[in-house]
Amino acid sequence: MTERAIGPETAAAYAHCAGVVRASASSFAAAFWMLPRPRRRALHAIYAFCRLADDIADDPAVNGDRGQLLARWREELEGAYRGKATHPVGIALGDAVERYALPQEVFEDLLRGVESDLRGEPIETFEDLERYCYRVASTVGLLLVRVLGAVDPLSLEYARAMGIAVQLTNVLRDVGEDAASGRIYLPRRELERMGVDATSLSEGRMTDDLRLLLAMTAERARIYYGRAAATLPEGDRAVLRPAEAMGRIYRTLLEELQSQGFPCLERSVRLSKPRRLAIAAATWLGVGGGGRP
């Protein structure tokens, strides 16, 4: 794609979004740093929009009425699509959605996921958890594959499956931190069926039954990683390598969690930045999954 010139206000807005990405220390930056600048900037805008929306729901540093803040963020999304955004992230997003024809309803689904966190909506069944994973993660994937230039409709199915796999991995990684802050994403009915007392999560007590439930959740994540791999269309494989890099980073994290016996109640396991970069580079080059630094 030929880069269309942008004005100084839009350039500054994109720079602001890049700063949000850098400050997050997320795997996102490792997966997408090799992209051409226009696409990388658009992904920075998407990430920044999602990051700030998520912060409204769970960042303790956020002051004020969180419901009103989320409503304001919805207005900013509307402004991005009408050319009336005022926040730097909204301004950058407005340019990105025009360049890559990003559907507004996907962002709206994402905000519904944030709202469910804000309201503390309970997750009763695995179907509830799947819907939540779609809203907060698959939506991002559906936007990413469009920015990356995928054309096969199967790439959207790939994005849906990969998003659920990645978010299930996040649920496992953060189960202790989430429970300490009053949020449990493991389905209530499954906790009951496995004989796991929810207080064991918030109190950091690992039991054999809980470890088995975590292992079952990890296996479900693997099923979704497998679905994503099976759905990835050959014609879009090259353009989706950055998305594959992200998936491989999280798949490696999942295996690390299991190999360590799910220490999720004690600490949130993360891969080092050099390891994430090694996995991403290997995926981009098509030479395997990357190894330990």
### Task
Working only within the stretch 266-282, note down all residues that are buried (at least 22 other Cβ atoms within 10 Å of the Cβ) and either aliphatic (A, V, I, L, M) or assigned to a loop (DSSP other than H, G, I, E, B) (or both).
Ile279, Ala280
### Query
Taking the condition over 24 Å from Arg146 (Cβ atoms) and in a loop (DSSP other than H, G, I, E, B), does Val239 pass?
no
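Residue under question is Ala180, and the condition is that it be farther than 28 Å from Leu201 by Cβ, small (Gly, Ala, Ser) and either surrounded by fewer than 24 Cβ atoms within 10 Å (Cβ to Cβ) or at pLDDT 95 or above (or both); does it hold?
It is false that Ala180 is farther than 28 Å from Leu201 by Cβ, small (Gly, Ala, Ser) and either surrounded by fewer than 24 Cβ atoms within 10 Å (Cβ to Cβ) or at pLDDT 95 or above (or both).
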### Message
Just checking, does the stretch 87-97 include any residue being surrounded by fewer than 16 Cβ atoms within 10 Å (Cβ to Cβ) and closer than 30 Å to Glu9 by Cα?
### Response
no
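Restricted to the stretch 36-62, and to residues that are of a type in the set (A, V, I, L, M) and surrounded by fewer than 19 Cβ atoms within 10 Å (Cβ to Cβ), which residue is nearest to Arg74 (Cα to Cα)?
By that ranking, first place goes to Val62.
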### Query
Given Ala218, Ala229, Ala238, which one is among the small types (Gly, Ala, Ser) and in contact with a helix residue (DSSP H, G or I) (Cβ under 7 Å, 6 or more places away or on another chain)?
Ala218
### Query
Wholly within the stretch 1-106, which helices (runs of 4 or more DSSP H) include no fewer than the required count, namely at least 3 residues that are under 30 Å from Glu121 (Cα atoms)?
8-24, 37-58, 66-82, 88-100
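Right, Glu234: within 24 Å of Glu157 (Cα to Cα), without any contact (Cβ under 8 Å) to a residue 40 or more places away in the chain, surrounded by 13 or more Cβ atoms within 10 Å (Cβ to Cβ) and assigned by TED's automatic domain parsing to the domain that holds Leu172 or not? Walk me through it before giving the result.
Values: within 24 Å of Glu157 (Cα to Cα): yes; without any contact (Cβ under 8 Å) to a residue 40 or more places away in the chain: yes; surrounded by 13 or more Cβ atoms within 10 Å (Cβ to Cβ): no; assigned by TED's automatic domain parsing to the domain that holds Leu172: yes.
Here the answer is no, as Glu234 does not meet what is asked.
The values are calculated or read from the model by the stated rules, or taken from the named source; none is laboratory data. This one's a predicted model, so the numbers in the text were calculated from it and none came from an experiment. Glycine gets a Cβ as well: all are built from the backbone with ideal geometry, and neighbour counts include every protein chain shown.
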